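Single-structure report; data block below.
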Ligand SMILES: Nc1ncnc2c1ncn2[C@@H]1O[C@H](COP(=O)(O)OP(=O)(O)OP(=O)(O)O)[C@@H](O)[C@H]1O
Ligand SMILES: [Mg+2]
């Protein structure tokens, strides 16, 4: 159904009035009014968005009395789950994780590559009442399109050539537990439709089968793409997006929490030293500050790899990091690209930065507006010697 609405107010009010209220109960910006206006969604999506906003508010709103307890819990949990870090950015995210974990709400984890999305998914599952049941992972990017339906929903014997046995799918395997749909943006349109049905009706059929199977599964999805943008460019279904985006959790990139770097280096160095039988007692200060200057496009995974190399190469108890190990990826072709675009490109980037007040990263940043990976835009800004801070 796709009804066009006369105004944003109508869009917001329709499902809300049906629910018997006379006044929109909380900050309408939770629904991203601009998005609704741009996309003219149907009533169904708005209803889902409305429910999502309600869930998000109920789950994320601080409960003053519990605030102190929460901080304690997060600390314990930070250690037990091995989500290392103590920066305000990470703590804010862990607080959301902490609040949503015990509920049955669908969680959409967003964040750049290597930021720890999978770790967060595990943490949510383990801290939920389903924690001792299965956590079944599906990497939506790794499965070939023709196999994914059978992987997700199973198949009956003889459903297709090679289907010699009946096989249960991952939704059935996850029954009573959690399914983790990783790299969700990569799902083909056909599978997006099937997934939408499972999320809406909580039922599906095996490939080649006609028996409807009920499922009780908590869904956690993750993507390193901006899913809202994928919707805007028509690559991802809007109705599915709203079903998934019940409780969004953004895992911040490492460069936005450089205060976590010393702890992380310590943690990785100790673990890797133990594994390789080396003794590492200290980290050179200069190396540490160089690491805090670097932008870590591969985030924590990249940091982990650098530390691993340094530990292997270490010939004393002091860990040193060779600055050559921290090289921004592919600066040469990007610079060439920029020169080809010339001053026009520069003016364009500056205009967008002015609008975003110098913000490059995140859903409202310049990179997202320009449709570029943020790290690429950052390199271009540096290559063009644009001072993004002047727009703040
Ligand atoms: N806060 C953290 N503390 C300790 N280890 C971390 C932390 N965050 C991430 N890691 C480690 O970094 C690596 C990458 O994390 P993970 O696989 O969860 O990232 P991801 O966001 O799922 O990446 P991708 O988008 O590439 O799939 C893993 O080895 C993980 O254990
Ligand atoms: Mg991952």
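Nothing in this text is a laboratory measurement; each read-out follows from the coordinates by a stated rule. Computed from a predicted model, the values in this text were never measured in an experiment. Note that we place each Cβ from the backbone using ideal geometry, even for glycine, and neighbour counts take in every protein chain shown.
Each of 182, 315, 266 was scored by other Cβ atoms within 10 Å of its Cβ. Listed from fewest to most, they are 315, 266, 182.
Using Cβ counts within 10 Å as a stand-in for footprinting exposure, how do 119, 135 rank, fewest first?
In increasing order of surrounding Cβ atoms, one gets 119, 135.
From the alpha carbon centroid of segment 150-180 to that of segment 227-295 is 33 Å. Counting neighbouring Cβ atoms within 10 Å and putting the fewest first, the residues 256, 201, 302 line up as 201, 256, 302. Among 349-360, 212-223, the peptide with the highest mean count of other Cβ atoms within 10 Å heads the list, and the full ranking is 212-223, 349-360.
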